[in-house]
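Just so you know, all these numbers are worked out from the coordinates, no wet-lab data involved. All values derive from a computational prediction rather than experimental measurement. As a convention, Cβ positions derive from the backbone with ideal geometry for all residues, glycine included, and neighbour counts pool all protein chains shown.
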Amino acid sequence: MTLGLFVLILGGAISAFLLWADRNGRRVHKD
Amino acid sequence: MTTLIKVTFTSTAGEEINGQAQYESMSGLVTLPSRLLELVQRARAAGDGHALVAHEDGYRYPLQPVEDGVYQLDRSRRHRKGVLEQAWKAITAPTKDQRQQSGRFAHTLSAAALIGASGYVGSSRAWTLGAMTDVLSLVGIGAVLFLVGAVLSKGD
């Protein structure tokens, strides 16, 4: 249970951040 | 000794043009080629603001006009992005290549989650609710990270 929660929170945070950085990078670099 | 140095011309009209210029390393004088000089004169005639910057070893040097077509490389005002600034930009506003590398990182984490789930299934003796949640979380995050990696690796 603890491992599951840890993986969900960490994986979810990494996924959300990477998607945000991807959008921001595309906006800034226009490529 | 005369060498060539990369020079960037930017103007408030939105132009950004790169070129090579002759550079006297002893005196620090940069002689612009006629192509770049024409751009400077055209910007002046149109009343547009403009700037000339020389690039050397990753540093940016502003060029100060000495006479027509000849500029002084101002070594005291050299500028380069610091490591921390570059790292911050790589994280918050990555370039195309950096986004692809982030995509690979996401795919690596996805593989790690799926391998972890397989190991968990193989080694778990009792299938309690907690064990089921752990495995489902690992598989689910593995799938999500795979999709995130695919989006980041889009390549355009």
(request) Report, in degrees rounded to the nearest 10, the 0 to 90 angle that the Cα long axis of helix B:34-46 makes with the longest principal axis of chain B. (result) 90
(message) Going Cα to Cα from B:Lys96, which aspartates and glutamates come in below 15 Å? Please leave out same-chain ones fewer than 8 positions away.
(response) A:Asp22, A:Asp31, B:Asp156
(request) Determine the gain in length on full extension of the stretch B:Gln22-B:Asp68; use 0.36 nm per residue of separation and subtract their C-alpha separation, reporting nm with one decimal. (result) 15.1 nm
(request) Kindly provide log₁₀ I(q)/I(0) values, in the same order as q = 0.20, 0.26 Å⁻¹, from the Debye equation applied to equal alpha-carbon scatterers of the stretch B:2-77. (result) -0.80, -1.32
(request) For B:Glu56 paired with B:Ile91, estimate the spin-label separation in nm (one decimal), with each label point 7 Å from Cα along the Cα-to-Cβ line. (result) 3.4
(request) Work out how much length B:Ser34 to B:Ala150 would gain on full extension: take 0.36 nm times their residue separation and subtract the Cα-Cα distance, in nm to one decimal. (result) 37.1 nm
(request) Just rank B:Tyr61, B:Tyr120, fewest to most, by other beta-carbon atoms within 10 angstrom. (result) B:Tyr120, B:Tyr61
(request) Return one number: the angle in degrees, 0 to 90 and rounded to the nearest 10, between the long axis of the Cα atoms of helix B:83-92 and the longest principal axis of the Cα atoms of chain B. (result) 60
(request) Within the stretch B:97-156, list the trypsin sites (Lys or Arg not before Pro) lying in a DSSP loop whose Cβ has at most 11 other Cβ atoms in a 10 Å radius. (result) B:Arg125
(request) Using only Cα atoms, find the angle between the long axis of helix B:129-152 and the longest principal axis of chain B, and express it within 0 to 90 degrees, rounded to the nearest 10. (result) 30
(message) Based on alpha-carbon centroids, what's the gap between the stretch B:87-156 and the stretch B:1-77 in Å, whole number please?
(response) 48
